[in-house]
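One structure is given below, encoded as structure tokens.
Derivation of every value follows stated rules applied to the coordinates shown; laboratory data play no part. Small disclaimer: the values here were computed from a predicted structure and weren't measured. Backbone-built Cβ (ideal geometry, glycine too); neighbour counts: all protein chains shown.
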Amino acid sequence: PFPEPTGAYSSGFYSFDTHALYAQDEIAVGERLRLLVGARQEWTTGTAEDSFFGPTPALSRDSSPLSPRAGITFKATPDISLYGSWARSQRVEVDA
């Protein structure tokens, strides 16, 4: 068993509600090269509440980041493909 805390402790929650739409397309450039582009649009609400330390009432933050991505595939031989990708994303932080 864990020992009881000797001082004040937190009593609260942290939650997310997220909806997202994702789209991408891949195109062939010749016989050996493929390019991929895509994006993810998010709509997020983050909520934080701590009934002991605050904040009370709960803090809430809305965010709608767009996260792009790109990729490239090169078919070096019939059995070997080389792939590289790049992406950027964000996360919602709820703070005072």
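Things worth noting here:
- Inter-probe distance in nm under a simple model that places probes 7 Å from Cα toward Cβ, at ARG88 and ARG61: 1.8 nm
- Karplus-based coupling profile of the stretch 13-25, in residue order and whole Hz: 8, 9, 9, 10, 10, 10, 10, 8, 10, 10, 9, 8, 9, with θ = phi - 60° in 6.51 cos²θ - 1.76 cosθ + 1.60 and x standing for Gly or Pro.
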